[in-house]
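Here's the structure, in structure tokens; my notes come after.
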């Protein structure tokens, strides 16, 4: 036990009587040096601190109001230091998010004629389509497509490997472990932050289905830790361990808020995925940091983007009050159940695949000895599958997966003829109707993208799972929505006067422009709401969170769809949590991180387990009377133990401390 840093004087108030003060003085004089004999200077500092607090309390100095009256500048400084720290944390995360978005945008898209935005990857590929021979053009464009993806992914892998390997993956499992009180070496360093930011930018820019929300949770905790280290020299209270965990939790909330400009959903999501038990007193820190992060992100985005007029939700939608029939709630519940099963299967396949790579002798020798081989192999495989002139035409390989999500939430119907009032734009139909059947194309996309996301999440680069899960769920929801629109062409009640507005089906509305492409004459059934319901429910199933629905509400700026989305998310969580742990808990098990699991919510038998059934009863220990021979025998027979408890008496077994 170490007492090098003592919290600020006013922050530590001890209210005791004279008898208790005398007892504390006696205890300090008699026992402290005996117990902590190895660190007399630290014991002296601790004794002085407690005795000072006793004297201060007896004089009334522990009262905050008295301090405010006698030293108002000091009291105001105490109040402002937390607020300034959290505001700076939120602003820092917003700036990092904008830097990442700007870099990814430059890697993925380019502007033609100052107004037409196209995929930069496709532009590079088509520049090699210059010969008269079709075969030669195909080979050259394929090589360009392959090299572009490979180079960016190799750069990301190399940076992470040499700068900080702790930047790999999502980072949420590690943060979750740290908030449980476990110290993980070099996971909260500046090198890890830079490696996470640059590696994530290159990995997303390469076109792989990788999200940024998980890495930003990790980055938020790193920024909070680094800022705390800077401040603790001025304010010793920030060196306190409990204060450190409070600020790490606030950093996680700021990271999520900076991703989607969703402060409330950011706080709730960070709590759900990082902590098992959350102190309510820390709520305001998370909300304030998240609000500062979201506000800064929105204002800077408004300043950078000349087409933005005012601050609004990231994907603002405008729907009328009448949105869906009560009978359709059953459909939304079915979507939630389907996404729950799909999410459980997703987690199971991912865990089996990772364990196969680790346990197979050939894979272990090849990939662990030659770290560059695995990402190189996956980049070749991914580029081949998504090549736009090959299989990629069924996967919309010519656009990045985030733009596929815009198509899924388009407020129109895909399978109708182009002359139909519910038809989508010509460009959208050209992408998703290669062989006159959107159902074949959607089916191929769901299966292929499902497994591509699993493989991509195992790459040795920073990678999140939130947005890819959104895309998978959106594709499933779109497929079901198109089937419903095909089965009920005149509306759910066959009266052509449905209360559902087609735009309401794009709950997360990643492109509000799409919801305004078509002026509808009739309020017919449209699959867009099923799309968004599937997106939110699948993402909630994989992460075992309900807060994804709150993020969806903040993204659209409306609450008309709250009931269908909540029903789908809750059912998907029930189904998936009954079958599999969350994606992040699964990674914790794979990595063998020292994390104490939660009590399963779906079973009650665990509450009947007693401590004596799981405890280690034959504990090896030392006493104050132990001889050198007993110590030698203990060390030779228990060479795997890292620490030994020192007790006062072999009968009472009162622990004094643990000896390493």
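Can you tell me which of 209, 215 is under 17 Å from the mean Cα position of the chain (by Cα) and part of a loop (DSSP other than H, G, I, E, B)? Give the steps one after another, and end with the answer.
Working: 215 fails: part of a loop (DSSP other than H, G, I, E, B).
Among 209, 215, only 209 is under 17 Å from the mean Cα position of the chain (by Cα) and part of a loop (DSSP other than H, G, I, E, B).
What are the residues in region 458-492 that are on the phi < 0 side of the Ramachandran plot, in a loop (DSSP other than H, G, I, E, B) and touching a strand residue (DSSP E or B) at 6+ places or on another chain (Cβ under 8 Å), if any?
Just the residues of region 458-492 that are on the phi < 0 side of the Ramachandran plot, to begin with: 458-490, 492.
Narrowing further to those that are in a loop (DSSP other than H, G, I, E, B): 458-461, 463, 465, 488-490, 492.
Matches in region 458-492: 463, 465.
Could you list, in sequence order, the residues of region 274-295 that are assigned to a helix (DSSP H, G or I) and over 13 Å from residue 92 (Cα atoms)? I'd like the intermediate steps shown before the answer.
Going residue by residue through region 274-295, those that are assigned to a helix (DSSP H, G or I) are 274, 280-295.
Across region 274-295, the qualifying residues are 274, 280, 281, 282, 283, 284, 285, 286, 287, 288.
Of the conditions (1) modelled with pLDDT under 55; (2) under 30 Å from residue 359 (Cβ atoms), residue 577 clears all except one; give me its number.
(1)
So, of the residues in region 566-589 that are within 14 Å of residue 340 (Cβ to Cβ) and buried (at least 23 other Cβ atoms within 10 Å of the Cβ), which turns out to be nearest to the chain's Cα centre (by Cα)?
It comes out as 583.
If you go through region 240-256 one residue at a time, do you hit one that is modelled with pLDDT under 90, part of a loop (DSSP other than H, G, I, E, B) and more than 18 Å from residue 98 (Cα to Cα)?
Within region 240-256, one or more residues are modelled with pLDDT under 90, part of a loop (DSSP other than H, G, I, E, B) and more than 18 Å from residue 98 (Cα to Cα).
When residues of region 435-457 are filtered for being under 19 Å from residue 156 (Cα atoms) and not in a helix (DSSP H, G or I), how many remain?
Qualifying residue count for the region: 1.
Take the residues in region 160-177 that are surrounded by 22 or more Cβ atoms within 10 Å (Cβ to Cβ) and not in a loop (DSSP other than H, G, I, E, B); name whichever of them is farthest from the chain's Cα centre (by Cα).
160
Could you tell me which of the residues 623, 627 is surrounded by 13 or more Cβ atoms within 10 Å (Cβ to Cβ), farther than 30 Å from residue 333 by Cα and modelled with pLDDT of 80 or more?
Details: 627 fails: surrounded by 13 or more Cβ atoms within 10 Å (Cβ to Cβ).
Checking each option against the conditions leaves just 623.
Counting just the residues of region 165-206 that are at positive phi and touching a helix residue (DSSP H, G or I) at 6+ places or on another chain (Cβ under 6 Å), which one comes out modelled with the lowest pLDDT?
To start, the set of residues in region 165-206 that are at positive phi comprises 169, 171, 181, 186.
From the residues that got through so far, the ones that are touching a helix residue (DSSP H, G or I) at 6+ places or on another chain (Cβ under 6 Å) too are 171, 186.
Working: 171: 90, 186: 87.
Among residues in region 165-206 that are at positive phi and touching a helix residue (DSSP H, G or I) at 6+ places or on another chain (Cβ under 6 Å), the one modelled with the lowest pLDDT is 186.
List the number of the failed condition for residue 188; all other conditions in (1) part of a helix (DSSP H, G or I); (2) over 23 Å from residue 105 (Cβ atoms) hold.
Status for residue 188: all satisfied but (1).
Any chance you could count how many residues in region 323-360 are surrounded by 14 or more Cβ atoms within 10 Å (Cβ to Cβ) and outside any helix (DSSP H, G or I)?
3
For region 224-235, indicate whether the set of residues that are touching a residue at least 40 places away in the same chain (Cβ under 8 Å), farther than 23 Å from residue 586 by Cβ and crowded, with 24+ Cβ neighbours inside 10 Å is non-empty.
Within region 224-235 (the criterion being touching a residue at least 40 places away in the same chain (Cβ under 8 Å), farther than 23 Å from residue 586 by Cβ and crowded, with 24+ Cβ neighbours inside 10 Å), the answer is yes, since at least one residue qualifies.
Scan region 361-396 residue by residue and report those that are part of a helix (DSSP H, G or I) and either in the same structural domain as residue 155 (by TED's automatic domain parsing) or under 13 Å from residue 154 (Cα atoms) (or both). Let's see the steps before the verdict.
Residues of region 361-396 that are part of a helix (DSSP H, G or I), as a first pass: 361-369, 373-386, 391-394.
Hits for region 361-396 are 373, 374, 375, 376, 377, 378, 379, 380.
Please specify each residue of region 88-116 satisfying the condition of being crowded, with 19+ Cβ neighbours inside 10 Å and at pLDDT 90 or above.
89, 90, 91, 92, 93, 94, 96, 97, 100
The values are calculated or read from the model by the stated rules, or taken from the named source; none is laboratory data. Everything numeric in this text was worked out from a predicted model, so none of it was measured. Neighbour counts are summed over all protein chains in view; Cβ atoms, including those assigned to glycine, are modelled from backbone coordinates with ideal geometry.
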